[in-house]
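Novice: Got a structure for you, questions after.
The values are calculated or read from the model by the stated rules, or taken from the named source; none is laboratory data. Fair warning: this is a prediction, and the values are worked out from it, not measured in the lab. Counting neighbours? That spans all protein chains shown, and the Cβs are built from the backbone with ideal geometry, glycine included. Heads up: the accessible areas ignore ligands, DNA and RNA and are worked out on the full protein's heavy atoms, side chains in. Shrake-Rupley method; radii C 1.70, N 1.55, O 1.52, S 1.80 Å.
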Amino acid sequence: MAGHTANYGDRFSMVQGAKSSCNKGAKAQYYPINPPESAKYNPDRNLYTFSNIPLRTQEYYWETINALETVSSQTQAAKITKTSGISRLPLCAASPAFVHPVFFPLDPFHLFYENCMAFIWDLWTTLSPKDDLVHLPQSKAEQLGQLVVLAMESLPPEFCGPVRDPFLKRQSQYKVYEWMALLHWYIIPIGIELEFQPSVLENFAGFVGAIEFAMTIQPRSFDETQELYQKIAGFLHEFEILYIGNNPENILRARLCMFQLIHVPMHIVWYGSIRLGSQATVERSIGEIAPFAEMANIIYEREMCKILCLYFPILKTPQSYKQPTTMSASIKPIKLWAIQKKGKGAQADQKQVREQLQAICNWLGEGISPADIKYKRWGKIKLKNGRILQSCLSISKGQSTRFQKWFEANADSNQSHNLIFGEALAFYEIYIETTQLIAVYHPLGNVKSVLGCTRGQWLPHIAVLNVEKIIDIVGIWLAEKTGNVYILRKHPGLALLTADECGKDPELEEGEDPDDLVG
């Protein structure tokens, strides 16, 4: 393919590029659906709508390749490339699996995060004049960056490494997991609290909603992909209104990466998941193989070894081979290092225990008093998925600077909502006829969805929950001025990145708690 600088630079459709200038030499390399002043700036460009985008076909591709191979001059070849976006026959077309245009899928990590997200941030901060509707004032951009850095305390280290200030570090090789953090966790909550321009933030929320839908690991019906198509089309339509408006010179804001979002639903239909187009795993594997000249042989030998080890597990090296074991799916408490409290500290601790035991008695009912309960108190537990859930008790005894003491859980059947969120205070193993492991916590109340974000406020009373109902750990972002608490869930896109690519501490294994490393 000729690439994004060609008149037909989109490798999935035959949508023609548009110019943002009438100057001589201006290139048609932008992709608005409804650009302003087309008669003057793009008089030869066809009219398009999101409901009628002409897709490339296998037949047209091979017709163009045959035409390129029969031309008698480079001038004729250049003319064909200009009108088709196809430059030559690639080596991979020899594959029996080659079908155009589905053979080269979109890469979600590059498209969503390093292209679209980074471009939107640049549009807000550096690529727009101060009087532009979409411009983010420097003071607010600085505030956002500072709040992101301060928010690391309540972002579980299980999720990813520290996220840097985008205002200061945008040009310092800002990493994909950091763009993911801004997109999925921080820009909308912080934007709400800092009062970003409402229409711009609402449009961005549409972008976030579409990306989260596409990246979530879940079977999708054809009707759902059609709904996603309409959401993306709505986002792009509003994007053109906000970012281009009636100024044809702003057509350059309609970059190809933004337009290609419209193909995401089609990719889900083709491949089952947009995540399968990720280049991260391929690039990582190529980088791990050396020397490059022997790549085919090395790959063949590795795959052969894997097959042999599947048939004969004993062939595995002692370091990599483990005897099969029956994994327990139970939730396990974790013993803390003993720290003796004296004086006022001990008195305050005893008061907390009495209050928590009373809350447990109220939860159990049946006239039970704290004196009737035999218990063990724990500071943290390992959930069924292997992740560590801390509590305020374990944090008071540890030395971590980042915490993971917040959780989401299934609500009891008598509650009106399906999910509850809480800040774990401690865990109790109680003995009354049977053994139960329960959590005492501060619940999140007034829970609502705002621009796709789950938001609430901490309630002061102590609630009780059987830990079997806990689904997973979550992070939070707390707005100090309003007291609003925003829930941050670990995004499934992080699962495709290695610990190093997520910025995690290499000394910590998956599911390991930093406090366990403190002697």
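Novice: List the pairs from Lys384/Lys405; Lys376/Lys490; Lys405/Lys481; Lys351/Lys490 whose alpha-carbon separation is above 24 Å, in the order I gave them.
Specialist: Lys376/Lys490; Lys351/Lys490
Novice: Work out the count of Lys pairs in the range 11-161 where the Cα-Cα distance is under 21 Å, with the pair 8 or more places apart or on different chains.
Specialist: Lysine pair count for the range 11-161: 12.
Novice: Would you mind counting up the charge near Asn466? Only other residues with Cβ under 12 Å from its Cβ, with Lys and Arg at +1 and Asp and Glu at -1.
Specialist: Net charge around Asn466: -2.
Novice: Set the Förster distance to 30 Å, then compute FRET efficiency between Lys374 and His461 from the Cβ-Cβ distance, nearest 0.05.
Specialist: About 0.75, to the nearest 0.05.
Novice: Given a Förster distance of 60 Å, report the FRET efficiency between Met295 and Asn446 from their Cβ-Cβ distance, rounded to the nearest 0.05.
Specialist: The calculated FRET efficiency here is 0.60.
Novice: Using alpha-carbon pairs under 8 Å, 6+ residues apart, how would you state the relative contact order of the range 393-485 in percent?
Specialist: Reported as a whole number, the value is 27 percent.
Novice: Note down the nm distance, to one decimal, between modelled labels 7 Å out along Cα→Cβ at Tyr431 and at Thr126.
Specialist: About 6.4 nm separates the two model spin labels.
Novice: Compare the peptides 161-171, 215-225 by average per-residue count of other Cβ atoms within 10 angstrom and give them in order, highest first. Walk me through the numbers before you get to the answer.
Specialist: On the way: 161-171: 17.9, 215-225: 12.3.
Those peptides, ordered most packed to least, come out 161-171, 215-225.
Novice: Same structure, new question: For mean projected area of the Cα convex hull in nm², the listed values are [x] 32.1; [y] 27.6; [z] 33.4; which was obtained by calculation from the structure presented?
Specialist: Step by step, mean projected area of the Cα convex hull in nm² for this structure corresponds to label [x].
Novice: Describe numerically, in nm with one decimal, the distance between label points set 7 Å from Cα along Cα→Cβ at Arg489 and at Leu276.
Specialist: Label at Arg489, label at Leu276, 2.4 nm between them.
Novice: Which Cys residues of the chain have no other Cys Cβ less than 4.7 Å away and so no disulfide-compatible partner by this rule?
Specialist: Cys22, Cys92, Cys116, Cys257, Cys305, Cys309, Cys361, Cys392, Cys453
Novice: Could you work out the relative contact order of the range 1-152? I mean the mean sequence separation of Cα pairs under 8 Å and 6+ apart, divided by the number of residues, in percent.
Specialist: Relative CO of the range 1-152 lands at 19 percent.
Novice: Tell me what the chain gives for mean residue ellipticity at 222 nm when only DSSP H runs of n ≥ 4 count, each as -39,500 (n - 2.57), the sum divided by the residue total, rounded to 500 deg cm²/dmol.
Specialist: -10000 deg cm²/dmol
Novice: Decide, for the range 409-505, between rounded, prolate and oblate: order the square roots of the alpha carbon gyration tensor eigenvalues as a ≥ b ≥ c, take rounded if a/c falls under 1.5, and otherwise choose prolate if a/b is larger than b/c, else oblate. Write out the running numbers ahead of the final one.
Specialist: Details: a/c = 1.96, a/b = 1.28, b/c = 1.54.
Taking the square roots of the gyration eigenvalues as a ≥ b ≥ c, the range 409-505 is oblate.
Novice: Now, a different point. For Asn46 and Ser139, FRET efficiency with R0 = 30 Å and r from the beta-carbon atoms, rounded to 0.05? Don't skip to the end; give the middle numbers.
Specialist: Numbers: r = 44 Å, r/R0 = 1.46.
Using R0 = 30 Å, I get an efficiency of 0.10.
Novice: Please work out how much length the chain gains when fully extended from Glu153 to Lys316, using 0.36 nm per residue of separation minus the C-alpha to C-alpha distance, in nm with one decimal.
Specialist: Fully extending the segment from Glu153 to Lys316 adds 54.6 nm.
Novice: At a threshold of 8 angstrom on Cα-Cα distance, excluding pairs fewer than six apart, so keeping six or more, what relative contact order does the chain reach in percent?
Specialist: Contact order relative to length: 15 percent.
Novice: Related question: Give me the percent of the accessible area of the chain that comes from carbon and sulfur atoms, probe 1.4 Å, all protein chains in place.
Specialist: Details: 14860 of 27850 Å².
With neighbouring chains kept in place, the figure for the chain is 53 percent.
Novice: Quote to one decimal, in nm, the extra length available between Arg302 and Lys231 on full extension: 0.36 nm per residue of separation minus the C-alpha distance between them.
Specialist: Working it through step by step, the gained length comes to 21.2 nm.
Novice: State the percent of C-alpha pairs, over all pairs in the range 81-169, separated by a distance greater than 22 angstrom.
Specialist: Numbers: 2176 of 3916 pairs.
Distances greater than 22 Å cover 56 percent of the Cα pairs.
Novice: Run the simple label-point estimate for Lys82 and Ser21 please: 7 Å along Cα→C-beta, distance reported in nm.
Specialist: Placing both labels 7 Å along Cα→Cβ, they lie 1.9 nm apart.
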